[in-house]
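Accompanying notes for the structure given below.
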Amino acid sequence: MTWELISAVTEIIGTITIVVTLIYVLIQIRLNSHQLERSIQATRTQNWQSVVENFNVWREMVLAANNSEIWIKGLNDLNDLNQNQKIKFNMIAGSLIWTCWFVYQLQQNEGLMADVNANLYRDLYMHKGYREWLSHNEKLHTDDFRKFLEKVKESVGDDRHLNGESSSLTAGIY
């Protein structure tokens, strides 16, 4: 064999090796992409399950003994609550706004269902007591969520639910 033949065979083997390696890398990239897509979907599903669980916690807090009465009184006017009731209302309201913040974060970070809570956010500000509660607790929110809630508050303006009027925050409690 001549050096030219050995060089040509070596080039062919090298080229075949490169093609096989590229095919292998492409297959691995494709498999990893599918796995990543499944992982992202699983995370999104888990996040929304957490939202549902958080809303269930809030719902259970409202439905616990005498808490629905406290909830409705507090929505209408915080001054109608005694100190013990204010503590309970604070826990219930905090649970709800925490869930709302979590939904907001999912919407912002994952682009999911941008208006999923449009009525709920509006109802937060249409209840005098809850609006007051939010104003007292707005320093606890992240800057972006606080700005979002401020826009909702501006869009609601002076609209308020009347005492005893049903909304998404009281539906099913009466």
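What to note about this one:
- Close pairs from region 59-85: first without any contact (Cβ under 8 Å) to a residue 24 or more places away in the chain and within 18 Å of residue 124 (Cα to Cα), partner of a type outside the set (Lys, Arg) and not in a helix (DSSP H, G or I), Cβ under 8 Å, at least 6 apart: 70/81
- Test: residue in region 63-73 that is within 30 Å of residue 44 (Cα to Cα), modelled with pLDDT under 85 and either of a type in the set (Phe, Trp, Tyr) or assigned to a helix (DSSP H, G or I) (or both): yes
- Only a single item in (1) at pLDDT below 75; (2) of a type outside the set (Asp, Glu); (3) in a helix (DSSP H, G or I) is not met by residue 161, and it is number (3).
- Residues located in region 64-94, provided they are of a type in the set (A, V, I, L, M, F, W, C) and surrounded by fewer than 15 Cβ atoms within 10 Å (Cβ to Cβ): 64, 65, 87, 91
Here is a yes/no grid of residues against (1) in contact (Cβ under 8 Å) with a residue 60 or more places away in the chain; (2) more than 30 Å from residue 107 (Cβ to Cβ); (3) in contact with a helix residue (DSSP H, G or I) (Cβ under 9 Å, 6 or more places away or on another chain); (4) part of a helix (DSSP H, G or I):
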| position | (1), (2), (3), (4) |
| --- | --- |
| 17 | no, yes, no, yes |
| 52 | no, no, no, yes |
| 57 | no, no, yes, yes |
| 87 | no, yes, no, yes |
| 94 | no, no, yes, yes |
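The values are calculated or read from the model by the stated rules, or taken from the named source; none is laboratory data. Quick caveat: nothing in here was measured; it's all calculated off a predicted structure. Virtual Cβ from ideal backbone geometry, glycine too; neighbours counted across all protein chains shown.
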